[in-house]
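Single-structure report; data block below.
The values are calculated or read from the model by the stated rules, or taken from the named source; none is laboratory data. For clarity, every value in this text was computed on a predicted model and none was experimentally measured. Cβ placement follows ideal geometry from the backbone for every residue including glycine, while neighbour counts extend to all protein chains displayed. Accessible surface areas use protein heavy atoms only, side chains included; no ligands, DNA or RNA. Shrake-Rupley method; radii C 1.70, N 1.55, O 1.52, S 1.80 Å.
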Amino acid sequence: FPDRLAFSPSTLRDRVQVLADGVLVGSAYRGDAKNVSIALPSSMTRLDLLVENCGRVNYGRELVDDRKGLLEPPLDGTPSVSCLPLADLSAIEWHSIQPGRSPAAPRFYRGHLQVDAAHDTYLDTRGLSKGFIWVNGQNLGRFWETRGPQHTLYVPAPYLRRGANEVIILDLDGRTGLESVARPRWN
């Protein structure tokens with residue numbers, strides 16, 4: 001492996017996380033509009049790049065050519081490419097939430113939200129970093145706590161049932177912490 005990987009806004013669409021032996025060593029985001037060089041540990045035996053499509057640009061010059069992915073791979077050779085199996089979560093490796101510990105790597109968590117009666121609610125993402133949340137199989141959307149604009153995801157009452165409701169979190173930095181709240185938080 002090389003000792004560094006370089007990314008630029010013209011070659012990265014939209015975000016990449018670099019993991020050495022399963023540990024996050026750096027990330028780059030096209031929206032930051034700067035070149036990023038990420039150092040790699042010399043002792044690593046496995047390199048993973050998690051590339052995220054953050055949606056489509058709907059204005060300006062980039063509207064015409066808004067391709068996604070790594071437009072120029074940062075490594076020589078033929079990479080092995082796979083998609084996260086979000087349509088069927090049976091193959092996912094689930095992780096336990098351990099308060100005070102953040103593994104600094106993408107993690108899937110599964111838990112339950114207990115409700116006595118179904119009412120509209122919000123899930124506050126204050127303890128998370130960036131990712132997606134599902135409730136009872138319904139994708140609520142994505143969150144990015146440091147950028148927003150929303151910091152709570154709306155859960156409509158019809159998505160909930162009395163008793164235990166399955167909540168699945170994909171947090172791309174492995175952070176944990178989620179709370180059901182009555183009102184949205186915008187900052």
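Tabulated data
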| item | result |
| --- | --- |
| Residue order for TRP134, TRP94 - accessible surface, 1.4 angstrom probe, largest first | TRP94, TRP134 |
| The chain: relative contact order as a whole-number percent, Cα under 8 Å and 6+ apart | 20 |
| Relative contact order of region 120-187, defined on C-alpha pairs under 8 angstrom at six or more residues apart (%) | 49 |
| Beta bridge orientation in the chain: antiparallel %, DSSP, nearest 5 | 95 |
| Segments 14-21, 83-90, 114-121 sorted - mean Cβ within 10 Å per residue, highest first | 14-21, 114-121, 83-90 |
| Efficiency of FRET between ASP88 and TRP186 - r from beta-carbon atoms, R0 30 angstrom, step 0.05 | 0.30 |
| Fraction of accessible area attributable to carbon and sulfur, region 20-75 (%, probe 1.4 Å) | 48 |
| Spin-label pair THR146/ASP48, simplified geometry with 7 Å Cα→Cβ offset, distance in nm | 2.0 |
| Distance-filtered residues of region 1-24 - backbone nitrogen under 13 Å, label point 7 angstrom along LEU40 Cα→Cβ | 1-7, 18-22 |
| 21 Å tail of the calculated P(r), region 98-184, as % of Cα pairs | 24 |
| Cα-projected label distance for ASP3 with GLU179, points at 7 Å along beta-carbon direction, nm | 4.6 |
| Per residue, in Å², the accessible surface of the chain once ligands and nucleic acids are set aside, probe 1.4 Å | 60 |
| Under the Karplus curve 6.51 cos²θ - 1.76 cosθ + 1.60, θ = phi - 60°, whole-Hz ³J(HN,Hα) for region 122-128, x wherever Gly or Pro sits | 10, 9, 7, 8, 3, x, 9 |
| Heavy atoms of ARG46: accessible area, 1.4 Å probe, square angstrom to 10 | 140 |
| Kirkwood Rh, angstrom, the chain [1 / mean 1/r, Cα pairs] | 18.2 |
| Phi to ³J(HN,Hα) by Karplus 6.51 cos²θ - 1.76 cosθ + 1.60 over region 176-187, Hz, x for Gly, Pro | 10, x, 8, 9, 7, 10, 7, 10, x, 10, 10, 9 |
| TYR159 accessible area, 1.4 Å probe, all protein chains in place, Å² to nearest 10 | 80 |
| Carbon plus sulfur fraction of accessible area for region 115-165, probe 1.4 Å, in percent | 48 |
